[in-house]
Amino acid sequence: MTLRLYDTAARAVRDFVPLTPGKASLYLCGATVQAPPHIGHIRSGVVFDLLTRWLRASGYQVTFCRNVTDIDDKIIRVAAGEGVPWWQVAQRNERAFARAYAVLGCVPPDVEPRATGHVPEMITLMRRLIEGGHAYPADGDVYFDVHSYPGYGALSGQRLEHMRAAEDTETPDAKRDPRDFSLWKGAKPGEPSWETPWGPGRPGWHLECSAMATKYLGPVFDIHGGGLDLIFPHHENEIAQSRAAGDEFARYWLHNGLVGVAGEKMSKSLGNSLLVDAMVTQVRPVELRYYLGSAHYRSGLEYSAEALDEAVAAYRRIENFVIRAAEVAEVAWPAAGAGPAPARDLVPPAFAGALDDDLSVPQALAVLHETVRAGNNALAAGDTAAVATRLAEVRAMLGVLGLDPIAEPWADAGSGDDLRTVVDALVGVALAQRQAARERKDYAAADAIRDGLQEAGVVIEDTPQGPRWELKR
Ligand SMILES: [Zn+2]
């Protein structure tokens, strides 16, 4: 079975046939860095991290480009409100996004271009559009002429005559048609600007993505991704600009569902407590990653504390199996930076089939949980060979999903070999004392030892293989 992906432009699931066999190029609209990220912002980062991991596990050599929109009306407004330069706001929030991607275990993109670093490429693209009769300068701005591109509206399924005016313009009288959108915004007093042949100004949001995608991935590339809310106008406009200029541009358009709270799209006011920085103090980052990635990427994700708790519990069931099984099967805890994502032939075929089916993570997780159940049965039966087999399958699946608790980045310093060996020996001494106390029927002493361990954060569980311990979470 080959990978099949839902292409918004085709409104259908299509076989993924890359431009160059064995390679896959992916552009993802990244952050507009006017505020730190909440889980609604970061979901697309997790979703497309899963896609790139699966492509790589399937043998593709992936080139992944995710931009940073570091100049924008909202950034300028925030900066003016704080009385600081625009670039302070942009840099501060870019770092917050980088931290959030990293803390959730997202593999960094191969290139992460900033809009303000690509003004020459934008000027070149505007010149091609103006010379081709698709764009025109007016009153210091540069506009795209939507009538000049017959396919305008195809991605979002709209007809030009039914479309509303583009809202990105402060001087609509300068435009030939209210639906023409800004490629470039003329400089205003006190605002940052860059020189162009048509006067100083700053990039329009849509133009920058066309310019950066083609700079790094070429005039035609495989996959363009983003949130559902970007289909119109952003992606519609990217297509118009690039195709009108003569570039074939993206061949597949993938869109992830949005995160909602109580049926609403997450707004800034609702989102404050859902900032990634705040969330990872409530649950462990790996648990948040599991939660954000567990729904199908095209579905909406309705945030609730209960749903998050369920995801945490589900992940801990998997994790408990991996840790217990690794002890029984004597798997070494991998050192920092251990290997790439495992190849697809290590995972059960049903798991691979689920991910090949438009990245159906819920189906894939069902296979994972089923394998964990089988592994727990093998543990209970003391069937070490079966434990080892199930463990290898579970860890291969978790590796693909970026969730293996005993691999980087989740195997934290506290569970490193040296410290773990020492704690293991100390707990062993305490457990031997507890066993001796029990044998002489001194249950008070036995309980005191268990309570003392618990107070130190060590939880003891009696299993058929004897007592085992883990750190309290
Ligand atoms: Zn974009």
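The values are calculated or read from the model by the stated rules, or taken from the named source; none is laboratory data. Just so you know, these numbers come straight off a predicted model, no measurement behind them. Please note: Cβ atoms are built from the backbone with ideal geometry, for glycine as well, and neighbour counts cover all protein chains shown.
The set of residues in segment 139-163 that are of a type in the set (A, V, I, L, M, F, W, C) and at pLDDT 95 or above comprises 142, 144, 146, 154, 155.
State all residues of segment 1-23 that are within 16 Å of the ligand (Cβ to nearest atom) and either modelled with pLDDT under 95 or among the polar types (S, T, N, Q) (or both); if no residue qualifies, say none. Before you say what the answer is, go through the steps one by one.
First, pick out the residues of segment 1-23 that are within 16 Å of the ligand (Cβ to nearest atom): 8-9.
Within segment 1-23, 8 is the sole residue that qualifies.
The selection criterion, being outside any helix (DSSP H, G or I), away from the ligand (no atom under 13 Å from the Cβ), of a type in the set (Gly, Ala, Ser) and within 16 Å of residue 127 (Cα to Cα), does not hold for residue 190.
Within segment 231-244, track down each residue that is buried (at least 22 other Cβ atoms within 10 Å of the Cβ) and either within 10 Å of the ligand (Cβ to nearest atom) or outside any helix (DSSP H, G or I) (or both). Even if it seems obvious, please write down each step before you answer.
Here is the first cut: in segment 231-244, the ones buried (at least 22 other Cβ atoms within 10 Å of the Cβ) are 235-242, 244.
Within segment 231-244, 235, 237, 238 meet the criteria.
Among the residues of segment 178-212, the one identified as of a type in the set (Asp, Glu) and modelled with pLDDT under 95 is 191. In summary, residue 184 fulfils each of the numbered conditions (1) within 31 Å of the chain's Cα centre (by Cα); (2) part of a loop (DSSP other than H, G, I, E, B) with the single exception of condition (2).
Residue 223 meets the conditions (1) assigned to a loop (DSSP other than H, G, I, E, B); (2) within 16 Å of the ligand (Cβ to nearest atom); (3) more than 30 Å from residue 80 (Cβ to Cβ) in every case but one. The failed one is (1). In segment 223-246, the residues that are within 15 Å of residue 160 (Cβ to Cβ) never reach a residue that is assigned to a helix (DSSP H, G or I) and at pLDDT below 95 with C-beta atoms less than 7 angstrom apart, at least six apart or across chains. Tell me, please, whether a residue that is more than 16 Å from the ligand (Cβ to nearest atom) and without any contact (Cβ under 8 Å) to a residue 60 or more places away in the chain can be found in segment 24-43. Checking segment 24-43: not a single residue is more than 16 Å from the ligand (Cβ to nearest atom) and without any contact (Cβ under 8 Å) to a residue 60 or more places away in the chain. Just give me the residues in segment 407-424 being modelled with pLDDT under 70, surrounded by fewer than 12 Cβ atoms within 10 Å (Cβ to Cβ) and over 23 Å from residue 106 (Cβ atoms), in sequence order. Selection gives 418 alone. Pairs linking a residue in segment 57-85 that is farther than 19 Å from residue 206 by Cα and away from the ligand (no atom under 15 Å from the Cβ) to a residue that is part of a strand (DSSP E or B) and of a type outside the set (Ser, Thr, Tyr), with Cβ atoms under 6 Å and 6 or more positions apart or on different chains, are 60/24; 61/23; 62/24.
Of all residues in segment 382-406, those that are surrounded by fewer than 22 Cβ atoms within 10 Å (Cβ to Cβ) and touching a Ser or Thr at 6+ places or on another chain (Cβ under 6 Å) total 1. Of all residues in segment 197-213, those that are surrounded by fewer than 20 Cβ atoms within 10 Å (Cβ to Cβ) and within 13 Å of the ligand (Cβ to nearest atom) total 0.
Does residue 441 meet the test of being exposed (fewer than 12 other Cβ atoms within 10 Å of the Cβ), closer than 30 Å to residue 102 by Cβ, of a type in the set (D, E, K, R) and out of contact with any Ser or Thr (no Cβ under 6 Å at 6 or more places or on another chain)?
Numbers: exposed (fewer than 12 other Cβ atoms within 10 Å of the Cβ): yes; closer than 30 Å to residue 102 by Cβ: no; of a type in the set (D, E, K, R): yes; out of contact with any Ser or Thr (no Cβ under 6 Å at 6 or more places or on another chain): yes.
When the stated conditions are applied, residue 441 does not pass them.
Among the residues of segment 2-19, write down those that are in contact (Cβ under 8 Å) with a residue 40 or more places away in the chain, more than 13 Å from residue 60 (Cβ to Cβ) and either part of a strand (DSSP E or B) or touching a Ser or Thr at 6+ places or on another chain (Cβ under 7 Å) (or both). Of everything in segment 2-19, those that are in contact (Cβ under 8 Å) with a residue 40 or more places away in the chain, more than 13 Å from residue 60 (Cβ to Cβ) and either part of a strand (DSSP E or B) or touching a Ser or Thr at 6+ places or on another chain (Cβ under 7 Å) (or both) turn out to be 4, 6, 7, 13, 14. Residue 313 meets all of the listed conditions (1) at pLDDT 95 or above; (2) touching a His at 6+ places or on another chain (Cβ under 6 Å); (3) more than 30 Å from residue 160 (Cα to Cα) but one, namely (2). Restricting the search to strands (runs of 3 or more DSSP E) fully inside segment 54-157 and requiring at least 1 residues that are buried (at least 20 other Cβ atoms within 10 Å of the Cβ) and more than 25 Å from the chain's Cα centre (by Cα) gives 135-138, 141-144.
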